[in-house]
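The values are calculated or read from the model by the stated rules, or taken from the named source; none is laboratory data. Since the structure is predicted, the reported quantities are computational estimates derived from the model, not experimental observations. Backbone-built Cβ (ideal geometry, glycine too); neighbour counts: all protein chains shown. What goes into the accessible areas is simple: the full protein's heavy atoms, side chains included, and nothing from ligands, DNA or RNA. Shrake-Rupley method; radii C 1.70, N 1.55, O 1.52, S 1.80 Å.
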Amino acid sequence: MATHLVLLVLPMWHGGKARMTEWVFSESVFDGASLGPASLCIENGHIIEVAPLARRGAEISGAIMPGFLDLQVNGGGGVLLNAEPSRISEICAAHRRFGTVGIMPTVITDAPDVLIAVTDAILAAKDDVLGLHIEGPHIALSKRGTHSAEHVRPMDDNTIAAVKRLRDAGVTVLLTLAPEIVGAAAIADLMAMGVIVSLGHSDATAEEAEAGFAAGAQAVTHLFNAMSPMTHRAAGLAGVAMERAPFVGLIADGIHVEDRVLKIAVRATQGQIFLVSDAMPTVGGPDQFDLYGTTIRVEDGRLLNAEGALAGAHTTMAEGVVRLIGLGVPPKDVLHMTITNPAALIGRSDLASLVGRSVEDVIVLNQDWGVNDPLASFVGH
């Protein structure tokens, strides 16, 4: 809740037009790097200045920060990207309700024409999304998870053509693949096209994983899930990822990765983590949906397919934030995982900053670090 102590709203004149300037203050303001007391100067609905330590204007009893950025969103609001790519705006709206202001819609392993349709939809909505995450189909059959075995295949011209169309239009592309299936040379070629390569759904040996990162891979997709595990005699993809991946994706719902392992991962990766939801249509929507002709249902917080395998996640970035802070991870570190690191991975450091941002894209967390409302709900009254 906002407690307005001193509301300073000043009309200023510029070029014959009034500019409304307002200051607000919070004991906890995160601007991509530090978390502490600061005042924000807001002009016509946009933040134009952050003044650390200063106390000016109305006090907001909550933490102010840029909205969350989620680089792995399969769906939301009852919409699955693979099935209904033209409804991307509804997926975005569903996640915005939970403080996620920027998403990278994710198309999973499917028939070639599905990727073509999704590419068309992303090109039409490119100003509303962070890019496209292509998760598969060039993955290891043994680590496919809920991905369709029928559509798992080696790198093909269909994917290359889709990627080229997207990159030619300036759309950011994150591509999850298995390095032992695709090979280091193809990874290097993708990197040359400006693709962000992430290793995942892979049964790679440590050596194959090392080769993938050496070729330019920049991330790993949902650490521990659908990948060769780390043991005391074989590092696997999971071990190599924690040791050398520039960025490590992680689902923090307590289901995909057990809480004790979450804490170990945070310590081991030393700031490399970017939190993802891996959300399906049930987030902000009904408790079931169809995937590959099979009904997926929420059961005790888990999304399960007919085989009993996890089929994506029924969680939000906001829930991951609360969970990690509850496990003792410092709030500033968690905010780096949900804002700063995903912004850095996709080359959008501006999205981790408050200056220049609309108050609609800035969020306020309550005393328990849960999402309260957009900053727009607290100002301009």
Out of all the residues in segment 161-185, which are part of a helix (DSSP H, G or I), in contact with a Leu (Cβ under 8 Å, 6 or more places away or on another chain) and either under 26 Å from G236 (Cα atoms) or β-branched (V, I, T) (or both)?
V163, P179
Single residue of segment 307-317 satisfying the filter (farther than 17 Å from G249 by Cβ and in contact with a strand residue (DSSP E or B) (Cβ under 7 Å, 6 or more places away or on another chain)) that is least open to solvent (accessible area, probe 1.4 Å):
A311
Would you please name the residue that is nearest to the chain's Cα centre (by Cα), looking only at residues in segment 92-105 that are without any contact (Cβ under 8 Å) to a residue 60 or more places away in the chain and surrounded by 24 or more Cβ atoms within 10 Å (Cβ to Cβ)?
I103
The lone condition L40 fails out of (1) in a helix (DSSP H, G or I); (2) open to solvent by less than 30 Å² (accessible area, probe 1.4 Å); (3) within 29 Å of I273 (Cβ to Cβ) is (1)
Of the residues that sit in segment 321-360 and are open to solvent by 40 Å² or more (accessible area, probe 1.4 Å) and within 15 Å of the chain's Cα centre (by Cα), which one is nearest to A38 (Cα to Cα)?
H336
Please state which of the following conditions G170 fails to meet, knowing it meets all the rest: (1) surrounded by fewer than 16 Cβ atoms within 10 Å (Cβ to Cβ); (2) in contact with a Phe, Trp or Tyr (Cβ under 9 Å, 6 or more places away or on another chain).
(2)
Please state which one of A215, A252, A204, A235 is at pLDDT 95 or above, surrounded by 16 or more Cβ atoms within 10 Å (Cβ to Cβ) and under 20 Å from the mean Cα position of the chain (by Cα).
A252
Restricting to segment 288-306, and then to whatever is in a loop (DSSP other than H, G, I, E, B) and in contact (Cβ under 8 Å) with a residue 12 or more places away in the chain, can you tell me which residue is surrounded by the fewest Cβ atoms within 10 Å (Cβ to Cβ)?
G301
So if I check each of V50, V118, V79, which one is modelled with pLDDT of 95 or more, open to solvent by less than 30 Å² (accessible area, probe 1.4 Å) and in contact with a strand residue (DSSP E or B) (Cβ under 7 Å, 6 or more places away or on another chain)?
V118
Any residue at all in segment 171-179 that's among the polar types (S, T, N, Q) and under 30 Å from E299 (Cα atoms)?
yes
